[in-house]
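Worksheet: the structure to be examined is printed underneath.
Just so you know, all these numbers are worked out from the coordinates, no wet-lab data involved. These numbers come from a predicted model, not from an experiment. Reconstructed Cβ throughout: ideal geometry from the backbone, glycine too, with neighbour counts over all protein chains shown.
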Amino acid sequence: MANKDVLRRVGEIVDGYDCRQENLIAIMQDIQNEYKYLSVDALELVAEKLGVGVAKVYSVATFYENFSLEAKGKYIVKVCCGTACHVRRSQPIYDGLREHLGLTGKRKTSDDGLFTLETVACLGACGLSPVMTVNDEVYPKMTPESAIELIESLRAKEGESDGKA
Amino acid sequence: MAKRKLTRERLDALRMEAKTLLAADTREVLVCAGTGCIAGGSLNIYDALKAGCEARGLKTRVALHHENEDGSNALHFKKTGCHGFCEMGPLVQIEPDGILYTHVRLDDVEEILDKTVMKGEVVERLLYQLDGVSYARDSEIPFYKLQKRVVLENCGSTDAEDLEEYIARDGYAAFEKALFEMTDEQICKEILDSGLRGRGGAGFPAGRKWDSVRRQPKGKKYVVCNGDEGDPGAFMDRSIMEGNPHSIIEGMLIAALAAGSDEGYIYVRAEYPLAVERLRVAIDKAEKLGLLGERIMGTQFSFRLHINRGAGAFVCGEGSALTASIEGKRGMPRVKPPRTVEHGLWAQPTVLNNVETYANVPLIIRKGAGWFRSFGTEKSSGTKAFALTGNVVNTGLIEVPMGTTLREIIFDIGGGIRDGKKFKAVQIGGPAGGCLTEEHLDMPLDFDSLKSVGAIIGSGGLVVMDEDTCMVETARFFMSFTQNESCGKCVPCREGTKRMLEILTRIVNNEGTLSDLDLLESLSSTIKETALCGLGQAACNPVISTLKYFRDEYLAHVVDKHCPHCNGKKKGLVIDPDKCKGCGKCRKNCPMEAIAGEPRKPHTIDVDKCIKCGACMSNCPFGAISEEV
C-alpha cells in the first residue's frame, strides 16, 4: 500500500491525533482499521510525524496481538478459543477451517486472498459458544460443518459479484 | 435536552420530569441488544417489530422523552443491555405484562405483534420452558428468581443509550449528593464503610485505595477504569459497559471527587466494539448535558473522560501494564512498589478500579454503606456478577450476593449440567484462578473462602466442566493461554510458562513421566514466587489446583498412557468366563491387584486398575484371557 494516497491518509490520521506520542496505539488502530494491516512505509511515517524512532513504533506494533504487519484477506475469520468455547469444542472448528482453507504451517491467509483465519481469546459471547466472527460480525453456536458452510457462502457471494463486474 | 447551563436545580427538575415520564411509560417493547442477542439477530427483530407496529397504526417512540401529549400512549421501543440469559436469546420482553419471549426469530415477529401487542395474548411456544412448565414472566423463571440483581438491575430493563431514562431511575443522584453534600473524606469513608472490595480480582478495599490517592499531595491525579476484561469465559464487565454505561461514568465521577482528580480514562478491550460505542455515546450525552466537563454544575469540580481501546494484550489487565498502554507504550508491568496510587498513569497518583467496582459506587453513595453491607458476608459485602458458562444448562450473566454457594449457582440458577451429565469441576477466576470440585460445592463464594482453597474470584468467570472434560487438557489449555500472553519482560514467566506448557503437552500426549509431575510442582512454586506481576504469579494456579484435586487424571496420562476423556473408553484385558476354571493363577500374578474372583469360579478384571502388563495372560493355563475388542 505504498502509494501516495495511502501515505497522505496516514498523515491525516496522525494529524487528527495532534501528532501526540501517547496516541500511538489509537493511531495504528485507525490505520489498520482502514487498511487491515500496518505497512513499513506507514509505520515509518508515523514515527517521523510523532518524532520517535521507528524501533519504538515497531516495538509497540509487534507487542499487541491486534496489529498485523502483513496484508490480510478480505474476510478476517476469528475462531474464539476462550475457555467456554474450548470446553464446548471450538478447536475442531479451527482445525476444520484450516484444512478447508488449505492453510499449513504459519500461513493464515487462503491462496485466493479472501480469508484470513485467526484465533481470538474470548469474545465475551460465552453464552453462545462456540462462536466465531467474520469481519467482527458474531456467528453463534458453530460446528465445523456450519463454519465451512459459512465460508463457502461467502466465497459464493464473492464469485457472484465478480461475475457481475 | 439541555440548552441552558446545568445546575443542581435544573438536574433535579429534569429528574422529576423524567420520573413522571417513566411512571406513565407502561407500554414497552424491550429487545435485548447485548453482544449475544445481536449475534442472534436481535437488531433485525427490533426493526421488524417496530415497523410492524407502525404498519398496524400504533404509535411508537424510541426514547423516554417525547415532544407532545400524543407520545405518552406510544409504544416505547428499547434496545436494552444484556438480560443475562444469553443461552435463550434473542430475547424480547413486552411490558406492562412482563412477558418474556425466548429464541425469537424474525418469523415470529408477526405473531408477537398480532397476539401479544394487539390483543395481550401470550404466544405459548416462545415462552421459556423448564420441566414441562412454561414461564410467562422473567421474574418467575428460576434463573432470575434466585438472583439478586443490583448492579445489573438496569441492564436489560433500560435503554442503554437513553441518558434521561438513567436519570429517571435516580441516575447521577449519587454524584449530585457527593458533589454538593459530601467532602472528599466523607466519600472515602462511606466507600470504606461499605466494605466494597475491587471486583477485578484481588479484592483490595476500594475505599482504602481512594483514600491513599486523596492523601497524596495536591496536583494532577487520574481516575482510571479497567475495562480490559481479558479472562476467557468472563463477560460481566462487557455487559455493564454495554447495558449501563452511565453507572460507570457516575462511579468514576464520584471517585474523582474523592481523590481530587480532574481527568479519567476508561480502557476497554478491543474485542468489545459495542461497549466502546455505548460508552462513547454515554460520555457524549453526559458532556452535552453538563455532567462532564469544566466546572460541573457551577462548582469548582471539573472532570474530563477519555476512552482508550486495548489492542489485544491480556497482560494490560494488570495495573501498571494498563497505564503504560494508555501512555501509548508496550503494555508491560513494572516492578512495584511504588504502587499505582502513588505512581500511576504518567507517574501521577491514580485510582484504578474495574468496571463492576465503579458501577457499585453510585448505589453505595445513594443508598448508604449499611444498605450495601446488607448483602453478602461480613468480609465480602455486596453482590457479585458472574458469567456462568461451559457445560451448564443456563449459560449467561448472573448476579448473586457474595457468599452464595456454588451449588446454588450451578444447580439452582444454572439448572445443572448439560445433557444430564455429572458435574466435575468449575474453573473460577480464569487462567489465574483454580478449579473447584464437588467437595467445594457448598462453600460460600467470597474473596477469603476462595483464597483459602487456592482459587480467586477473579473478575468472575465460572466455567463449568462435566465428567467428560479432561482436567489435564484443561490445565494445558490455560497454560497455553498464559504462555501466549506472557509479555516477556521477566524470565520466570517468559521461560517458565513455556517449559510448563511443553511438559503439559507431553503429558496430554501420554508421553510424560512421573518425574514430570514433580517438575511441574517445583516450577510452579518458583514462578509463583519470582514472577514480576500477577499474570506470571498466578499462571500456575490451574496446574497446582488440578494436580491437587485431579492427580488421578495426570496419572492416567502418565502411568496408564490412557485417559478415558481424551482417548475414549479404556480397553483392558478380559477373561472369557467359559474358559476360566477359577484356578487363581492370574489373580496371584497380577501386580495391580486388578483381578478378583472366588476359587473355581470365573474371575474378572477391573479395567480401571488393569495396566495391560500381560502377566495374567502368560500365566493362564487355559488361554482364557485376551485383549478386549
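Label positions at B:Lys561 and B:Ala51, each projected 7 Å from the Cα along the C-beta direction, are separated by 6.4 nm. Rounded to the nearest 0.05, the FRET efficiency derived from the C-beta distance between B:Asp114 and A:Glu149 at R0 = 30 Å is 0.35. Averaging over all projection directions, the Cα-based convex hull of the stretch B:102-164 occupies 6.1 nm² in the image plane. Within the stretch B:23-141, DSSP assigns beta bridges of which about 60% are antiparallel (rounded to the nearest 5). Segment B:Leu146..B:Gln129, full-extension length gain: 4.5 nm, with 0.36 nm per residue of separation and the alpha-carbon distance subtracted. Over the Cα atoms of the stretch A:4-63, what is the Rg over Rh ratio if Rh follows Kirkwood? Ratio of gyration radius to Kirkwood radius for the stretch A:4-63: 0.90. Taking the average, over residues, of other Cβ atoms within 10 Å as the packing measure, peptides B:35-48, A:41-54 rank B:35-48, A:41-54 from highest down.
Of the residues A:Ser90, B:Ser459, the one with the fewest other Cβ atoms within 10 Å heads the list, and the complete ranking is A:Ser90, B:Ser459. Shape of the stretch B:329-483 from its Cα gyration tensor (a ≥ b ≥ c, root eigenvalues): rounded if a/c is under 1.5, otherwise prolate when a/b > b/c, or oblate? Note, shape of the stretch B:329-483 comes out oblate.
What FRET efficiency would be calculated for the residue pair B:Met16, B:His306, taking the C-beta separation as r and a Förster radius of 35 Å, to the nearest 0.05? That pair, B:Met16 with B:His306, gives E of 0.65. With a 10 Å cut-off around each Cβ of B:227-240, the average count of Cβ atoms from other chains is 4.
If each residue's Cβ is checked for other Cβ atoms within 10 Å, how do B:Val151, B:Val361, B:Val508 rank with the fewest at the top?
Details: B:Val151 26, B:Val361 30, B:Val508 20.
Neighbour counts put them in this order, fewest first: B:Val508, B:Val151, B:Val361.
Counting only DSSP beta bridges with both residues in the protein assembly as shown, what percent are antiparallel, rounded to the nearest 5?
Working: 44 of 78 bridges.
Close to 55 percent.
Pairs over the 21 Å Cα-Cα cut-off, from the set B:Lys336/B:Lys528; A:Lys108/B:Lys329; A:Lys49/A:Lys74: A:Lys108/B:Lys329; A:Lys49/A:Lys74. With the simple spin-label model, which puts each label point 7 Å out from Cα in the Cβ direction, the B:Glu502 to B:Glu95 separation comes to 6.0 nm.
Give me the percent of Cα-Cα pairs in the stretch A:1-157 that sit more than 20 Å apart, rounded to a whole number. Summing the P(r) of the stretch A:1-157 above 20 Å gives 55 percent of all pairs.
Taking GluC sites (Glu not before Pro) across the stretch A:60-165, the ones in a DSSP loop with at most 12 further Cβ atoms lying within 10 angstrom of their Cβ are A:Glu70. Entry note, chain A: the mean residue ellipticity at 222 nm calculated from DSSP H runs of n ≥ 4, each adding -39500 (n - 2.57), is -15500 deg cm²/dmol after division by the residues and rounding to the nearest 500.
Calculated mean residue ellipticity at 222 nm for chain B: -10500 deg cm²/dmol, from DSSP H runs with n ≥ 4 weighted as -39500 (n - 2.57), summed, divided by the residue count and rounded to 500. Other protein chain C-beta atoms within 10 Å of residue C-beta, averaged over B:84-93: 2. Taking each pair of distinct Cα atoms in the stretch B:471-560 once, what is the resulting Kirkwood hydrodynamic radius in Å? In the stretch B:471-560 this quantity evaluates to 12.6 Å. Bridges between two residues of the stretch B:383-466, per DSSP, are antiparallel at a rate of about 80%. In terms of other Cβ atoms within 10 Å, B:Cys53, B:Cys155, A:Cys19 run from fewest to most in the order A:Cys19, B:Cys53, B:Cys155. Oblate is the label for chain B, because the ratio a/c of its alpha-carbon gyration tensor axes (a ≥ b ≥ c) is 1.5 or higher and a/b is not greater than b/c. Multiplying the residue separation of B:Lys367 and B:Trp346 by 0.36 nm and removing their Cα-Cα distance gives an extension gain of 4.1 nm.
Here is the list for the stretch B:360-418: GluC sites (Glu not before Pro) lying in DSSP coil, each with at most 14 other C-beta atoms within 10 angstrom of its C-beta, are B:Glu378. Computed over the protein assembly as shown, the convex hull of the alpha-carbon atoms projects to a mean area of 39.5 nm².
So if we plug the beta-carbon distance of B:Asp419 and B:Lys581 into 1/(1 + (r/R0)^6) with R0 = 35 Å, what FRET efficiency do we get, rounded to 0.05? Result of the calculation: an efficiency of 0.20.
Across all Cα atoms of the stretch B:27-130, the radius of gyration (one decimal) and Dmax (whole number) stand at 13.0, 44 Å.
With the cut-off at 1.5 for a/c, could you classify the stretch B:68-208 from its C-alpha gyration tensor as rounded, prolate or oblate? Judged from the Cα gyration tensor, the stretch B:68-208 comes out oblate (a/c at least 1.5, b/c at or above a/b).
Across the stretch B:176-244, the convex hull enclosing all Cα atoms gives 129 Å³ per residue. Around the Cα centre of the stretch B:573-627, unit charges on the Cβ atoms of Lys, Arg, Asp and Glu (plus for the first two, minus for the last two) sum to a dipole of about 260 debye. Label separation (B:Lys220 vs B:Phe204): 2.2 nm, computed from points 7 Å beyond Cα along the C-beta direction.
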